[in-house]
Amino acid sequence: MTRWTRIVAWLALVTLGAGIAWAQDTPPADPPAATEPAPALDAALAEPTATLNTFIDAMGRFTIRGEADAFARAQACCDLSAVASEGQRRELVANLYFVLRRLGFVDAYFTPSADPGYDAGTWQYFPHPTDPENGHKRRIARKNPGMKVSLARDAGGSWRFSAATMAAVPDMRRGVEDETPVMSGRDVAVTLGQRVRAMIPEKLRTGTLLGVEYWQWLAILIAVLAGLVLDMLVRTFLAFAWRRNRAKHKKESDREVVRRAVRPFGLFAAGVLWFALLQIGGLPVAVSNALLVAVKVIIGASGVWAMFRVTDLLAHVARERAARTRTRIDDLLIPLVERTLKVFFFAMGLIYIADSFSVEILPLLTGLGIGGLAIAFAAKDTIENFFGSVAVIMDRPFEVGDYIKIEGVAGTVEQMGLRSTRIRTFENTLVTMPNASLVRVTVDNYGKRRYRRFKTMINVTYATTPDKIEAFCEGIRELIRVHPMTRKDWYHVWLHEFGAHSLDILLVVFFEVPDWPEEYRERHRLMLDIIRLADRLGVEFAFPTQTLHVFKEEHGVEHAPADAPGTDPESPAHAAAHDAVR
């Protein structure tokens, strides 16, 4: 794999990591929000009217004097637990101040403890029963039936604007938008969504469809189109870079494979863009929360999908490099590491998506401790197999591609995973063996052999003369000595037995070959040379026959014994054998 491929892979990794981190922890742009309220804030929330005055005072300081920490003080006066987007939270606080400036200050004659809901932990500021019949607030209440501003007491005794009030703030703002402020201060746009809304024509701002303003529907459509365009651009760039790299090295590129490989990166980029646009704010709380969850699911799923593709790419590069090395331990490690990374990324994606649905991960993990014992027993075999695979990697009794024999199963190691090892037999069947069993059994590794033995008997007829047998045996030895793939320091070729129908010559030779196919090929070459040698020397191979000899004894005739063959290397039999081999 070349430099361009590595660059694309690293860019994808950096983009994914940075995108997820940025998507999870996008800091508010303006104003800076404090992580904790000021020390004096608790006392300011002791009563509903105190909370109202604290909120109005803090927003006044922020809008008039520009005190950034005052906005965080005002935000602490609101129950924003149901709002997921930080931009949406800032916008709701600013819009609540917009509404309160049209409603007016808290009347001095309000007595919160005298209200019916005070003891139950709620207090309604607008509309209030003590408001004058023809007063300013009553007129707004008649104009906007159902509009309510209420405060609720939390478990710690602090009073804040209720979650229901904060969710209804966008509707309340539309209801009082044409009212004149009766409270000093200044309206402020703290998000880009508010600034954009101020530039939208009034007809598009006041009309709604399913609770969403017309201009917001248009903004959603534009955001979707922008995400799709970004998706296409990212995929096009990555595919172009890949094809250019392949063309540079004169390699063909499968368009369908490339299209599938780059698809998740474009979807991930679109998801990050949509997440950023949702932080701008402007949408109703329910709509914003729903879209935010959907976008986080898209980011999580596409991120895991993309990391799978990156893992496949890196594994492919590692396999190409491993193929150029002598050791095969890397061939064993690469699939194991690849699967481990995929499981890790899948777990990260599940955690991210669970967080998107506000699922508490820590209590879930703590709850697993209750059934931990049962899970441990249920996963005993899986854990045992995993540690078995680690032990095999550490001890290295075999490698991928070795021919091994385990408990009667013989074949070539094809793949090793986290749980099991797959062995391809000579019958082309695939045997799956648990890794845990490999630690306890004897592994006979034929793949670690340096030499492969070949032993056979060569049967020649009884009519073969001793000189021919001696020449034939020496010729076979010479064939072994000149053969390029045989062991030269250890071989045996001798007349071994008197068989029932033949003279049996023992042949033991070792081939220095790496695998079975080469061994069979070299056997073939050697045996063909032996057949040619026999033909040159006039040696005939025997086959099972029976010959009936009728012997007639003749008196006075003596048979002369044959000369014993010499074992001298310079004997005529040896010389004839060497000439035949040459």
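Give the residues of the range 140-157 that are of a type outside the set (Val, Ile, Thr), surrounded by 14 or more Cβ atoms within 10 Å (Cβ to Cβ) and over 21 Å from ALA70 (Cα atoms), sorted by residue number.
Applying the first criterion (of a type outside the set (Val, Ile, Thr)) to the range 140-157 yields 141-148, 150-157.
Now narrow it down to the ones that are surrounded by 14 or more Cβ atoms within 10 Å (Cβ to Cβ): 141, 144, 147-148, 150-153.
Hits for the range 140-157 are ALA141, ASN144, MET147, LYS148, SER150, ALA152, ARG153.
Out of (1) modelled with pLDDT of 85 or more; (2) loosely packed, with under 10 Cβ neighbours inside 10 Å, what's the single condition that is false for ASP563?
Among (1) modelled with pLDDT of 85 or more; (2) loosely packed, with under 10 Cβ neighbours inside 10 Å, the lone unmet condition for ASP563 is (1).
I need the strands (runs of 3 or more DSSP E) fully contained in the range 362-480, keeping only those with at least 3 residues that are closer than 30 Å to HIS501 by Cβ and at pLDDT 80 or above. Break it down stepwise before answering.
On the way: elements: 403-406, 409-416, 420-425, 430-434, 443-445, 452-460.
Strands (runs of 3 or more DSSP E) meeting the threshold: 452-460.
Would you call LEU283 of a type outside the set (Ser, Thr, Tyr), out of contact with any Phe, Trp or Tyr (no Cβ under 8 Å at 6 or more places or on another chain) and modelled with pLDDT under 80? Quick ask: steps written out before the conclusion?
Working: of a type outside the set (Ser, Thr, Tyr): yes; out of contact with any Phe, Trp or Tyr (no Cβ under 8 Å at 6 or more places or on another chain): yes; modelled with pLDDT under 80: yes.
Yes, satisfied.
Pairs only if they're at least six apart or on different chains, beta carbon under 7 angstrom, first in the range 261-279 and more than 18 Å from ARG243 (Cβ to Cβ), second open to solvent by 20 Å² or more (accessible area, probe 1.4 Å) and assigned to a loop (DSSP other than H, G, I, E, B); list them, first residue then second.
So the pair list comes out as GLN279/THR26.
Mind checking which residues of the range 203-227 are among the β-branched types (Val, Ile, Thr) and at pLDDT below 70?
Restricting attention to the range 203-227, the residues satisfying the condition of being among the β-branched types (Val, Ile, Thr) are 206, 208, 212, 220, 222, 224.
Selection gives THR206, THR208.
Given the residues GLU427, GLU399, GLU414, which is the only one that is charged (D, E, K, R) and open to solvent by less than 70 Å² (accessible area, probe 1.4 Å)?
Being charged (D, E, K, R) and open to solvent by less than 70 Å² (accessible area, probe 1.4 Å) holds for just one of GLU427, GLU399, GLU414, which is GLU399.
Is it the case that LYS468 is within 24 Å of ALA573 (Cβ to Cβ) and among the basic types (Lys, Arg)?
Numbers: within 24 Å of ALA573 (Cβ to Cβ): yes; among the basic types (Lys, Arg): yes.
Yes; evaluated as a whole, the condition is true for this residue.
Among (1) in contact with a strand residue (DSSP E or B) (Cβ under 9 Å, 6 or more places away or on another chain); (2) of a type in the set (A, V, I, L, M); (3) crowded, with 19+ Cβ neighbours inside 10 Å; (4) touching a residue at least 24 places away in the same chain (Cβ under 8 Å), there is one condition LEU506 misses while meeting the rest; what is its number?
So LEU506 meets the others, but not (3).
Which of the residues spanning the range 95-138 are touching an Asp or Glu at 6+ places or on another chain (Cβ under 9 Å), under 22 Å from CYS77 (Cβ atoms), of a type outside the set (A, V, I, L, M) and at pLDDT 70 or above?
Answer for the range 95-138, where residues must be touching an Asp or Glu at 6+ places or on another chain (Cβ under 9 Å), under 22 Å from CYS77 (Cβ atoms), of a type outside the set (A, V, I, L, M) and at pLDDT 70 or above: TYR97, PHE98, ARG101, ARG102, GLY121, THR122, TRP123, GLN124, HIS128, LYS137.
Could you check the range 460-502 and list, in sequence order, the residues that are surrounded by fewer than 20 Cβ atoms within 10 Å (Cβ to Cβ), in contact with an Asp or Glu (Cβ under 9 Å, 6 or more places away or on another chain) and free of Cβ contacts under 8 Å to residues at least 60 places away in the same chain?
HIS483, PRO484, MET485, ARG487, LEU495, HIS496, GLU497, PHE498
Filter the range 47-75 down to the residues that are open to solvent by 20 Å² or more (accessible area, probe 1.4 Å) and under 45 Å from the mean Cα position of the chain (by Cα) and list them by number.
ALA68, ASP69, ARG73, GLN75
So which residues in the range 432-451 are aliphatic (A, V, I, L, M) and open to solvent by 70 Å² or more (accessible area, probe 1.4 Å)? Break it down stepwise before answering.
Residues of the range 432-451 aliphatic (A, V, I, L, M): 433, 436, 438-439, 441, 443.
Within the range 432-451, just VAL439 meets the criteria.
Considering only the range 158-181, state which residues are in contact (Cβ under 8 Å) with a residue 12 or more places away in the chain, over 44 Å from the mean Cα position of the chain (by Cα) and open to solvent by 30 Å² or more (accessible area, probe 1.4 Å).
ARG160, ASP171, ARG173, ARG174, GLU177, THR180, PRO181
Failed condition for GLU512, given (1) modelled with pLDDT under 90; (2) more than 20 Å from ARG450 (Cβ to Cβ), with all others met?
(2)
Looking at ARG244, ARG259, which is the one that is surrounded by fewer than 17 Cβ atoms within 10 Å (Cβ to Cβ) and at pLDDT below 75? Show your work before the answer.
Details: ARG244 fails: at pLDDT below 75.
Matching residue, one of ARG244, ARG259: ARG259.
Modelled with pLDDT of 90 or more and either outside any strand (DSSP E or B) or open to solvent by less than 70 Å² (accessible area, probe 1.4 Å) (or both) - does that describe any residue in the range 541-556? Spell out how you get there, then give the answer.
Initial filter on the range 541-556 (modelled with pLDDT of 90 or more): 541.
If we keep only those that are either outside any strand (DSSP E or B) or open to solvent by less than 70 Å² (accessible area, probe 1.4 Å) (or both) too, we end up with none.
No, the range 541-556 contains no residue that is modelled with pLDDT of 90 or more and either outside any strand (DSSP E or B) or open to solvent by less than 70 Å² (accessible area, probe 1.4 Å) (or both).
Just the residues that are surrounded by fewer than 17 Cβ atoms within 10 Å (Cβ to Cβ), of a type in the set (D, E, K, R) and modelled with pLDDT of 75 or more, please, taken from the range 303-338.
If the condition is that a residue be surrounded by fewer than 17 Cβ atoms within 10 Å (Cβ to Cβ), of a type in the set (D, E, K, R) and modelled with pLDDT of 75 or more, then ASP312 is the only one that fits.
The values are calculated or read from the model by the stated rules, or taken from the named source; none is laboratory data. Note that the structure is predicted; figures quoted are calculated from it, not measured. Quick reminder, even Gly has a Cβ in these numbers, built from the backbone with ideal geometry, and neighbours come from all protein chains shown. For accessibility, only protein heavy atoms count, side chains too; no ligands or nucleic acids. Shrake-Rupley method; radii C 1.70, N 1.55, O 1.52, S 1.80 Å.
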